[in-house]
Amino acid sequence: GSGVVRPEGEVAHRCPNLACPAQVKERLRHFASRGALDVEGLGEKLVDQLVERGLVRRPPDLFRLDRATLGGLERMAEKSAQNLLDALERAKDVGAGRFLYALGIRHAGERVAELLAQAFPDLDELVKASTEELETVDEIGPTIARSVREYLDDPANRDELRELRGILRI
């Protein structure tokens, strides 16, 4: 129901509503993707079901799923449910670069996420870093630095980041 926006200098139009089901689904797919947390078994159809049934809205919600909840989903037998829970448990052991990539920060692909993780091994330092400090990282220019800073300045993102850091072993 939100209007789309077209950022200045870009061709694509974007939906700014992060609560939009399509946005939620894509964000969760990215979070669980191979280059990010690599959660085996959390495919497109399962993400769709989880979001459409209101079981998952944000990445931390994935780690609250249990066998009984998963067992109530289509094509999710007990063994499949357990396999997904095991995959989610394995995904908790994640390197800082993969974690940063999983967050889906605009303009921060796998390479940028790794560079940030190397430059700021303590994630608290990254959270506090100014745009200027981010720009001192090799290969990070003003657009990426601004995007990272905007992501980290958003209170909802900071809350989610704090929550994920309490769940994951980074």
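The values are calculated or read from the model by the stated rules, or taken from the named source; none is laboratory data. Nothing here was measured: the structure is a model prediction, and the numbers come from that model. Cβ: placed from backbone, ideal geometry, glycine included. Neighbour counts: every protein chain shown. For the accessible areas, the whole protein counts, side chains as well, though only heavy atoms, and no ligand, DNA or RNA atoms are used. Shrake-Rupley method; radii C 1.70, N 1.55, O 1.52, S 1.80 Å.
How many residues does the range 91-105 hold that are surrounded by 13 or more Cβ atoms within 10 Å (Cβ to Cβ) and either assigned to a helix (DSSP H, G or I) or acidic (Asp, Glu) (or both)?
Number satisfying all stated conditions: 8.
Name the residue, out of Ala117, Ala113, Ala108, Ala145, that is aliphatic (A, V, I, L, M), more than 19 Å from Ala36 (Cβ to Cβ) and either within 20 Å of the chain's Cα centre (by Cα) or open to solvent by 60 Å² or more (accessible area, probe 1.4 Å) (or both). Break it down stepwise before answering.
Numbers: Ala117 fails: more than 19 Å from Ala36 (Cβ to Cβ); Ala113 fails: more than 19 Å from Ala36 (Cβ to Cβ); Ala108 fails: more than 19 Å from Ala36 (Cβ to Cβ).
Every option except Ala145 fails the conditions.
Scan the range 54-71 and give yes if some residue there is small (Gly, Ala, Ser), buried (at least 18 other Cβ atoms within 10 Å of the Cβ) and in contact with a helix residue (DSSP H, G or I) (Cβ under 6 Å, 6 or more places away or on another chain), otherwise no. Spell out the reasoning first.
At the first step, the residues of the range 54-71 found to be small (Gly, Ala, Ser) are 54, 68, 71.
Checking which are buried (at least 18 other Cβ atoms within 10 Å of the Cβ) leaves us with none.
No: zero hits.
Can you find a residue in the range 71-93 that is within 21 Å of Asn157 (Cβ to Cβ) and among the charged types (D, E, K, R)? Before you say what the answer is, go through the steps one by one.
Filtering the range 71-93 down to residues within 21 Å of Asn157 (Cβ to Cβ) leaves 91-92.
Subset that is among the charged types (D, E, K, R): 92.
Yes: the range 71-93 contains one or more residues that are within 21 Å of Asn157 (Cβ to Cβ) and among the charged types (D, E, K, R).
Restricting to the range 123-142, name every residue that is open to solvent by 50 Å² or more (accessible area, probe 1.4 Å) and assigned to a helix (DSSP H, G or I).
Just the residues of the range 123-142 that are open to solvent by 50 Å² or more (accessible area, probe 1.4 Å), to begin with: 124-125, 128, 132-133, 135-136, 138-139, 142.
Correct list: Asp124, Glu125, Lys128, Glu132, Glu133, Glu135, Pro142.
Return only the number of the condition from (1) among the basic types (Lys, Arg); (2) in a loop (DSSP other than H, G, I, E, B); (3) closer than 17 Å to Glu160 by Cα that Lys25 does not satisfy.
(2)
What are the pairs, 6+ residues apart or on separate chains, where a residue within the range 135-153 that is in contact (Cβ under 8 Å) with a residue 24 or more places away in the chain and aromatic (Phe, Trp, Tyr) has its Cβ under 9 Å from a residue that is in a loop (DSSP other than H, G, I, E, B) and open to solvent by less than 20 Å² (accessible area, probe 1.4 Å)?
From residues that are in contact (Cβ under 8 Å) with a residue 24 or more places away in the chain and aromatic (Phe, Trp, Tyr), the pairs are Tyr151/Leu103; Tyr151/Ile105; Tyr151/Ala108.
Could you count how many residues in the range 143-170 are under 25 Å from Arg64 (Cα atoms) and part of a helix (DSSP H, G or I)?
Here the count works out to 15.
What residue, of Ala36, Ala19, is in a loop (DSSP other than H, G, I, E, B), within 22 Å of Tyr151 (Cβ to Cβ) and open to solvent by 60 Å² or more (accessible area, probe 1.4 Å)?
Matching residue, one of Ala36, Ala19: Ala19.
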